[in-house]
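First the structure, in the form of structure tokens, and then the observations on it.
The values are calculated or read from the model by the stated rules, or taken from the named source; none is laboratory data. None of these values were measured; they are calculated from a predicted model. Every residue, glycine among them, receives a Cβ derived from its backbone with ideal geometry; neighbour counts consider all protein chains shown.
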Amino acid sequence: MSSPGLELASALNGIKTEHPEITTGSQNALDASVTTARRSAAEPAKYHRAVRLHLVLFATAFLIVYTRRPDAVLHAQFYAEDGTFFFRDAYHFGLRSLLLTCGGYFHAVPRLTALFAQLFPLAWAPLILNLAAITVQILPLNIFLSSRFSDIAFPVRLFASFIYLALPNSFEIHANITNVQWHLALLACLLLLAHPARTRAWQLFDATTIFLTSLSSPMGILLVPVAAFVWWKRRNNWAATSFALLSPGAAIQIVSVLLHWHARQAPHSNILGQTVINGGADGASFHSFAAIMGRQVFLSTLLGLNTQNWLLHLHYVSIVETISTALGLGVFAYVLRYAPVELKLFILFASAVLALGLVNPLAGPPDHPQWYWLCLPGCGNRYYFLPMLAFLASLFWIASLKPSARAFRYFAIALLLLLPVGIYRDWRYPPFENFRFAEFAKQFERVPAGTKFIIPINPEWLMELTKH
């Protein structure tokens, strides 16, 4: 069956054939009508092709995420705040849990996900939380590969999207709702930097994501200047709307962070029943800064977390860290001077996120300074996620420069050639320790109401539920 648009086009063509006396002006009007009709007929087909493409991209990305740690789906378990705070509070307090802070700020998306999980049996809850986290982890890829970033060649975006999914030194934020705010912040930042939303569906998606991001972490505070600059530069209504959506949540988070600045970490119990509180003095020093930036951010972006253990055995590792810090910061300085404004904004946002994390981190117990813990391989790599992406984006941009910047291009390409090392060495994450959550869930279903029930979860924490 032909579409109405094609039927209209055929009819208009027939009128032109049967009435050759039609004036030139009338013919031009008819030609315009025919073109409009054909475009209208093509729009639904184009839309459906785009939907199919993004479903394929999402499914492929899901498989890649799955291969890096299959147990997140096959043997899903709670991780850290997933169970100890978010699910427990949703179970005990219902909607009131949305008003509770954790780590000194509000967590709208994790808590909404935990509330949604209450609709299902307890045994399913970790899988639901993990699938929600994986969805948010993949969505930045779909946004980046959409027409809203069409200024960048699609093959370049496709390759960069694979690098994003294969990013080394990022196991801490992989497939868990506890650290979903890092992917959520990336998603919101991409929406702010992308071409403005034009359809109602895109606008609803943007508005929901941006608003929830502002209520899910302090990173929403740092997105406000980005949104303000985009609004000032583009001067369009949607940029103004994005700024307005971010601001109330950011204001709430500012108040919460300031009120809890010196008491961010809520105590939790480890698997031995001991009370654990992370936090303490920063212990900032140039040596620690070079170790964090040079080794944890710049070198681990290219060589991976597992290569760090080898680097630490080098006699002159501090020199390597200092040189890496200087080169990495030099890359950022060059890009901030010459790159497009969108890339500059992303680098500034990622740097601000890292700076905020370094000012008051939660990396380990107070028996050592927090910067000491941040220097250890694998500790706190959530803080490095966005700066690592900014570093890679900078190298990709420099590598694409015109031949007149040959030396810079060769330098960036040489560094990017190291990236397969990190991807290969960090591809498979170690599985979580299997605490047999499903068996504990079955036991919990059988205990009488009012019973306090303790379930061990990763990373050797405890979740306590009082049966309804």
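Structural remarks
- Some residue of the stretch 222-229 being under 30 Å from A50 (Cβ atoms), part of a loop (DSSP other than H, G, I, E, B), at pLDDT 95 or above and touching a Phe, Trp or Tyr at 6+ places or on another chain (Cβ under 9 Å): no
- Counting only helices (runs of 4 or more DSSP H) that sit wholly inside the stretch 57-125, those with at least 3 residues that are without any contact (Cβ under 8 Å) to a residue 60 or more places away in the chain and in the same structural domain as P218 (by TED's automatic domain parsing) are 88-93, 108-117.
- From the options F162, F211, residue that is of a type in the set (F, W, Y), touching a Gly at 6+ places or on another chain (Cβ under 7 Å) and either assigned to a helix (DSSP H, G or I) or within 23 Å of F85 (Cβ to Cβ) (or both): F211
- Condition check for F391: within 30 Å of W124 (Cβ to Cβ) and either in the same structural domain as L329 (by TED's automatic domain parsing) or among the hydrophobic types (A, V, I, L, M, F, W, C) (or both): no
- In the stretch 70-102, residue farthest from G450 (Cα to Cα) [restricted to those that are surrounded by fewer than 20 Cβ atoms within 10 Å (Cβ to Cβ) and touching a Leu at 6+ places or on another chain (Cβ under 8 Å)]: V73
- When we screen P387, P365, P377 for residues that are part of a loop (DSSP other than H, G, I, E, B), out of contact with any strand residue (DSSP E or B) (no Cβ under 8 Å at 6 or more places or on another chain) and in contact (Cβ under 8 Å) with a residue 40 or more places away in the chain, the only hit is P377.
- Of all the listed residues (L362, L343, L401, L374), the sole one being in contact with a Lys or Arg (Cβ under 7 Å, 6 or more places away or on another chain) and either under 23 Å from M219 (Cβ atoms) or not assigned by TED's automatic domain parsing to the domain that holds G280 (or both) is L362.
- Hits in the stretch 386-404 - residues which are under 13 Å from the mean Cα position of the chain (by Cα) and closer than 17 Å to L416 by Cα: P387, M388, L389, A390
- Qualifying residue in the stretch 237-246 (condition: free of Cβ contacts under 8 Å to residues at least 24 places away in the same chain and among the aliphatic types (A, V, I, L, M)): yes
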